[in-house]
Amino acid sequence: MKRQTLTILLLAAVLVPAAAQTDASALLRKLQGKRVSFDFSLNTADKVSVKHSGNAVVEGACYHIVDNGLELWCDGTSRWTVDSSAKEVYIEPKGQEEEMLVSPSRLLSNVKDLVTGSTTASGKYTGEGPGKGATFVLTSIKTSSPKGDPSEFAFDVSALDKSWIITDLR
């Protein structure tokens with residue numbers, strides 16, 4: 001559940017910031033077709049308070065997120081959750097949280113108190129489901145032209161030794 005909450009919030013957050021504007025349609029036009037990288041911190045306000053911090057690179061439906069020792073990789077088809085300290089990799093088909101990218105305007109309509117700067121953004125996610133009430137801060141936001149190579153967002157399990165536990169649910 002924590003992994004899904006983090007993924008939903010970060011994907012939602014990356015759709016919001018990249019410019020010092022509050023007009024959702026202008027932000028969407030600016031980010032469309034771009035590669036976005038940023039550092040983040042977020043706090044959930046569900047039954048148990050959870051703090052996350054790390055960095056992310058997002059390009060279309062693909063992403064690589066590093067968060068408190070976990071890595072989340074998604075090439076648009078599959079998602080890898082990598083816990084290096086436990087030597088475990090969990091592989092699954094892309095989940096519903098990624099499908100929320102189909103409607104970025106829906107995500108933007110669920111962020112309140114949005115404050116943006118040239119390389120920063122913060123706000124509160126008010127949508128339903130995991131992460132409702134979470135606050136986020138993004139820093140070091142950078143946009144660039146997309147590389148167009150989803151293989152860059154796939155985790156290579158063939159490089160792991162036999163001590164790793166790999167659970168593949170695809």
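Each value in this text was obtained by applying a stated rule to the coordinates, not by laboratory testing. Remember, predicted model here, so these are calculated numbers, not experimental data. In this analysis, Cβ positions are derived from the backbone assuming ideal geometry, glycine residues included, and neighbour counts consider all displayed protein chains.
Work out the FRET efficiency for V157 and D39 from their Cβ-Cβ distance, taking R0 = 22 Å, and round it to the nearest 0.05.
Working: r = 27 Å, r/R0 = 1.22.
Between V157 and D39 the formula returns 0.25.
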* K124 versus E71, label points 7 Å from Cα toward the beta carbon: distance in nm? -> 3.6
* Structure fact -> Checked against a 29 Å limit on the C-alpha separation, the offending pairs among K94/K147; K51/K94; K132/K162; K34/K112; K34/K124 are K132/K162
* Sum of side-chain charges, S144 neighbourhood, beta-carbon under 11 Å (Lys, Arg +1; Asp, Glu -1) -> +3
* To do: Rank by packing, highest mean first: peptides 148-158, 71-81, 133-143, with packing defined as the count of other Cβ atoms within 10 Å averaged across residues.
  => 71-81, 133-143, 148-158
